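Here the structure is laid out as structure tokens; the discussion comes afterwards.
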Amino acid sequence: LGNFRSPPLGKLAKRAGLKVGVVSTSDSLDYTMQDLQVMHGEGASVKEMEAAAIAWVCHSLKTPFFALKSITDIVDDEERTSQEEFYENLAMASRNLQTKLSLVLSLIQGKPMLYWRWDYVAAASNDET
């Protein structure tokens, strides 16, 4: 077990209408009771399979990293998601991710990561928060 902290970007999440949470990474789409226990113990609300490797590289290179994820499958539901439901969720999640990614890229353009911290105050800044 390990972790990689993202920069505190609460202001960006609010402006983009995004939720902020802890992401758990695994090598499987399925989950075991141990997976759920670890997720709940760490406060994770999302399980995925890609971001940890990218976060590790960014951490090694001292490069800020944050993940923008879109949910396709609710793992804490009592019933397993059917294949048809999964593909419907995947299509909707893909559309939502495309929309939000475009918005986030337009918001961060030309602004340092520091700008998106709640405690950032720019000299003579009139930007809305």
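The values are calculated or read from the model by the stated rules, or taken from the named source; none is laboratory data. This is a predicted model, so every value here is computed, not measured. Ideal geometry is used to build each Cβ from the backbone, glycine not excepted, and the neighbour counts take in all protein chains shown. These area figures cover heavy atoms from the full protein model, side chains too; ligands, DNA and RNA do not enter into them. Shrake-Rupley method; radii C 1.70, N 1.55, O 1.52, S 1.80 Å.
Can you pull the percent of the chain's accessible area that's carbon plus sulfur, 1.4 Å probe, other chains left in place?
On the chain, the fraction of accessible area on carbon and sulfur atoms equals 54 percent.
Starting from the Cα gyration tensor of the stretch 5-54, take the square roots of the eigenvalues, sort them a ≥ b ≥ c, and report rounded, prolate or oblate (rounded when a/c is under 1.5, otherwise prolate if a/b is larger than b/c, else oblate).
Since a/c reaches 1.5 and a/b is larger than b/c, the shape of the stretch 5-54 is classed as prolate.
At 1.4 Å probe radius, can you tell me the per residue accessible area of the stretch 1-41 in Å²?
Per-residue accessible area for the stretch 1-41 comes out at 75 Å².
Between LEU114 and ASN3, what is the spin-label point distance in nm, taking each point 7 Å from the Cα along the Cα→C-beta axis?
In this crude spin-label approximation the distance works out to 2.6 nm.
Quick check on the chain: what does the Kirkwood estimate of hydrodynamic radius come out to from the alpha carbon pairs, in Å?
For the chain, the Kirkwood estimate is 16.6 Å.
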